[in-house]
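Data block below; observations after.
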Amino acid sequence: MKGSRRDWLKYGALAAPLAAVGCIPRRPEARLLPSLAPLPAPFETPLRRLPVARPIGTEGATDAYDFIVRTTDARILPGLMTPIWGYDGIFPGPTIEARRGRPVSLRLRNQLPVPIVNHLHGGRTPPEHDGYPTDLILPAGGFAGHDHYPQARISAGEREYIYSNDQPGATLWYHDHRMDFTAASVWRGLAGFYILRDANEEQMPLPRGDREIALMICDRSFEANGSFRYPLHDPLLREPPATTDSYMGGVLGDVILVNGTPWPRLEVNAVRYRFRILNASNARRYELTLDPIPRGGYSFVQIGSDGGMLPAPAPQRTIRIAPAERFDVIVDFSQFQAGSSVRLINTAASGSVGQIMRFDVTKNSRDDSTIPSRLGDIPNPAAERPVTTREFDFSFSRLSREWLINGKPFDPARMDARPKLNSVEIWRIQSDFSHPVHLHLVQFQVLEHGGRPGPFDSGWKDTIDLAPGEGASILIRFDGYRGRYVFHCHNLEHEDMRMMANFEVI
Ligand SMILES: [Cu+2]
């Protein structure tokens, strides 16, 4: 990494004066795409509880689901209709509730006009079911666009995914992963929760039932007619690239949706609630806190992260959440007066995107929930024996105008790492810019993030957000399955613009 870091500094030194005289374009920042429709007033619409999918059947110990992926009109803005792409025709998609040790079979029937690929984010999934970007499900009605990639595995119209659920309980999510087009497909609605439960968590006296709520936060922009606004290069999403060149740094919306509703409100009793927070945005990061912050100084007690329970609860004044990350938190509304309102705000931005939703504390109530002092079992990283250290540099190429890993654009035909099954490795990742780095198959532990342990890095992670110029070391055990997987930046525009690479567990 030292060599490439020096190279980067050298290029940086060269590029700065050249960029100043206009010879070399600058590294593209994520950009706001303003809505053309009037923005709705915040806190008028109640938060939607996301519907839980019902299995269509049970074969042995497997729960089977069958979703039609199709276009429908959703009512998101007042008085306007928004055409969405939805799993079973809804956005967010139906929540899948799974149990550890009990596999799920998910059949997707593609009635969209474009190919789809499904990835269970955070899942330890066999490679053929992981949603490799070129494992396309073509539209049932046929497809006239780009579907030829090296080593692509094509299904016509529909296919089944098997999720083994052989991992600790966690807040996972499923979303589209189509090669070159993930950003636009997710923006249109292809994302849903996948809640994996286990016995350890179920015996804890945490808030449950209607006091355990999944919150999918994402930003979107709207055309004047209410449809989602996105800077498409090809309006039909048939030929790459999907996103216009001027937005290759990432697309930011000006409307915050929580569970598909702009700036909703939720009535709560003055007791503890559990929120499973997911940032499903393409490129936006949030720094979340309550306004007002309770007198004790902590908005949240974090109990879990991407891959499940933390070892112990962690009080947090704010939480920084990058695209694809999850935070499992407890909010104790008994710290507020009945009759008062508390906003969930985003201190990383101002204006419309500086607020998320509002809680209206209605009345006092009995609370028999508690937060256990010990939560999950996380092995001590010092006891692991890593067999190798690999280095990956995430940076922008001014010459090719692509987002690259170790100087190379994604190539399905090239293998970038071959870790051995059941081995432990350290990956040292380095960034030129803001990149939320995600590995498929594994949950890892963060050894060091910007030279020290980060405030949000304890527990199991599958996504780690690097700030500009920042590095991190992560400890990974490659258990589960042999086969080919990807790792990539989860800024979805960066991912589509090639910031992705392969590893094969051998
Ligand atoms: Cu990135």
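Inside region 435-477, residues that are among the β-branched types (V, I, T) and touching a Pro at 6+ places or on another chain (Cβ under 6 Å) make up a count of 1. Note on region 452-471: residues that are in a loop (DSSP other than H, G, I, E, B), touching a Gly at 6+ places or on another chain (Cβ under 8 Å), over 20 Å from A312 (Cβ atoms) and not acidic (D, E) total 1. Taken over region 415-439, the residue count meeting the criterion of being within 20 Å of P133 (Cα to Cα), within 16 Å of the ligand (Cβ to nearest atom) and either in a loop (DSSP other than H, G, I, E, B) or without any contact (Cβ under 8 Å) to a residue 40 or more places away in the chain (or both) is 0. Out of P207, P241, which single residue is over 21 Å from the mean Cα position of the chain (by Cα) and either on the phi > 0 side of the Ramachandran plot or at pLDDT below 95 (or both)? Unique residue meeting the criteria: P241. Taken as a whole, the structure places P412 among residues that are in a loop (DSSP other than H, G, I, E, B), in contact with a Ser or Thr (Cβ under 7 Å, 6 or more places away or on another chain) and not hydroxyl-bearing (S, T, Y). Filtering region 127-136 to residues that are surrounded by 16 or more Cβ atoms within 10 Å (Cβ to Cβ) and in contact (Cβ under 8 Å) with a residue 40 or more places away in the chain leaves P127, D130, G131, Y132, P133, T134, L136. For region 219-305, the strands (runs of 3 or more DSSP E) that sit wholly inside it and include 3 or more residues that are crowded, with 24+ Cβ neighbours inside 10 Å are 272-279, 300-305. Sub-7 Å Cβ pairs linking a first residue in region 177-192 that is in contact (Cβ under 8 Å) with a residue 60 or more places away in the chain to a second residue that is in a loop (DSSP other than H, G, I, E, B) and charged (D, E, K, R), at least 6 apart or interchain, are S185/R178, ordered by first then second residue.
If a residue must be within 22 Å of I90 (Cα to Cα) and touching a Gly at 6+ places or on another chain (Cβ under 8 Å), how many such residues does region 123-134 contain? Residues in region 123-134 being within 22 Å of I90 (Cα to Cα) and touching a Gly at 6+ places or on another chain (Cβ under 8 Å): 0 in total.
For region 456-506, the set of residues classified as away from the ligand (no atom under 12 Å from the Cβ), of a type in the set (K, R) and within 28 Å of D219 (Cβ to Cβ) consists of K461 only.
Tell me which residues, restricted to region 47-77, are touching a residue at least 60 places away in the same chain (Cβ under 8 Å), farther than 23 Å from I277 by Cβ and assigned to a loop (DSSP other than H, G, I, E, B). L77, the sole residue that qualifies. Among the residues of region 322-368, the ones that are assigned to a loop (DSSP other than H, G, I, E, B), more than 20 Å from F43 (Cα to Cα) and either modelled with pLDDT under 95 or not aliphatic (A, V, I, L, M) (or both) come to 7 in all.
Restricting I76, I116 to residues that are in contact with an Asp or Glu (Cβ under 9 Å, 6 or more places away or on another chain), hydrophobic (A, V, I, L, M, F, W, C), under 30 Å from G226 (Cβ atoms) and not assigned by TED's automatic domain parsing to the domain that holds F478 narrows the list to I116. Counting only residues that are in contact with a helix residue (DSSP H, G or I) (Cβ under 8 Å, 6 or more places away or on another chain), buried (at least 19 other Cβ atoms within 10 Å of the Cβ) and polar (S, T, N, Q), region 311-350 holds 1 of them. G93 passes every criterion in (1) modelled with pLDDT under 95; (2) within 22 Å of the chain's Cα centre (by Cα) apart from (1).
The values are calculated or read from the model by the stated rules, or taken from the named source; none is laboratory data. These numbers come from a predicted model, not from an experiment. Using ideal geometry, Cβ is built from the backbone for each residue, glycine included, and neighbour counts are taken over all protein chains shown.
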